[in-house]
């Protein structure tokens, strides 16, 4: 790592320890707005406030997220539910197939080898699972496992959601795409063919899969590659977010991947002012690492930098080559 990178890490680590070494418990609350009609017994003060942020174009990094007022250190900026999520193949038997919450016992609802943690997740999973269970995914999953790929699983789930009518085929078009080389595109073709073949063998009507072209698959995967978050569960409310991050990496608590709308607009920096965490499931919480002044750009730490910072030294080379 370069001296500049080490300097950035040092500043970030010091700030992380200073802000979250206090003994107070951080409480989490949703700041999402609602479109439901106001309750006649609800007062303006009891309604959730909109997030103190706006999305705007930056001078050099495309879209970004900016504070619309001063945000205090440790404040929850907003929460976000995933547009699409999927457990990792390694964790598929130990987490909820919908929300990615860890399942200690298999007392929840089970469907053909996958587990749902509660009736709510069982009902919610119908947006993709009623379509997914009709197909044989053995070859597709083997392809992802053999090639070490995780993002095609998100494309599969999104495709099932589109077929079921729960999502529009262009739902992720607003997200920034990654630049793909011809070699990368050629490598994606195998996954596309396996996905298309699975639906075809399941006798899903062609009018329901007309969106599923090679161009659609490649475009979606290009956006997922640059916007997906690896889900590391904290397993409880942590007072120290540095301990939270360290525990996530050391316990190999990554349970899956997800894409979000608003968090995808955040830019990344080696000296961030914002942190994203997952307490029990794929619902993300974004918190301020330190005081953020009105008009400031909100910045997240690059996932790879966090992994390098916290990973054991003998694993660093493998991380860089992955």
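The values are calculated or read from the model by the stated rules, or taken from the named source; none is laboratory data. Note that the structure is predicted; figures quoted are calculated from it, not measured. A quick note on method: Cβ atoms are made from the backbone with ideal geometry, for glycine too, and the neighbour counts reach across all protein chains shown.
A few remarks follow.
- Helices (runs of 4 or more DSSP H) completely within the stretch 212-322 that count 1 or more residues being over 18 Å from the mean Cα position of the chain (by Cα), under 29 Å from residue 103 (Cα atoms) and modelled with pLDDT under 95: 241-250, 303-310, 316-321
- Residues that are assigned to a strand (DSSP E or B), touching a residue at least 60 places away in the same chain (Cβ under 8 Å) and out of contact with any helix residue (DSSP H, G or I) (no Cβ under 6 Å at 6 or more places or on another chain), drawn from the stretch 50-96: 53, 64, 66, 67, 71, 76, 77, 78, 79, 85, 87, 95
- Every residue from the stretch 45-91 that is over 18 Å from residue 273 (Cα atoms) and exposed (fewer than 15 other Cβ atoms within 10 Å of the Cβ): 45, 46, 47, 48, 49, 50, 57, 59, 60, 62, 90
- Criterion violated by residue 152 - all others in (1) more than 26 Å from residue 213 (Cβ to Cβ); (2) crowded, with 20+ Cβ neighbours inside 10 Å satisfied: (1)
- Of all residues in the stretch 256-274, those that are without any contact (Cβ under 8 Å) to a residue 60 or more places away in the chain and in contact with a helix residue (DSSP H, G or I) (Cβ under 7 Å, 6 or more places away or on another chain) total 0.
Every residue, every condition in (1) in contact (Cβ under 8 Å) with a residue 60 or more places away in the chain; (2) buried (at least 17 other Cβ atoms within 10 Å of the Cβ); (3) at negative phi; (4) not in a helix (DSSP H, G or I), yes or no:
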position: 161; (1), (2), (3), (4): yes, yes, yes, no
position: 171; (1), (2), (3), (4): yes, yes, yes, yes
position: 180; (1), (2), (3), (4): no, no, yes, yes
position: 184; (1), (2), (3), (4): no, no, yes, no
position: 193; (1), (2), (3), (4): no, no, yes, no
position: 204; (1), (2), (3), (4): yes, yes, yes, yes
position: 207; (1), (2), (3), (4): no, no, yes, no
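- Residue within the stretch 109-117 that is in contact with a helix residue (DSSP H, G or I) (Cβ under 7 Å, 6 or more places away or on another chain), part of a loop (DSSP other than H, G, I, E, B) and either surrounded by fewer than 17 Cβ atoms within 10 Å (Cβ to Cβ) or modelled with pLDDT of 95 or more (or both) present: no
- Flag for residue 149 being over 20 Å from residue 99 (Cα atoms) and outside any loop (DSSP other than H, G, I, E, B): no
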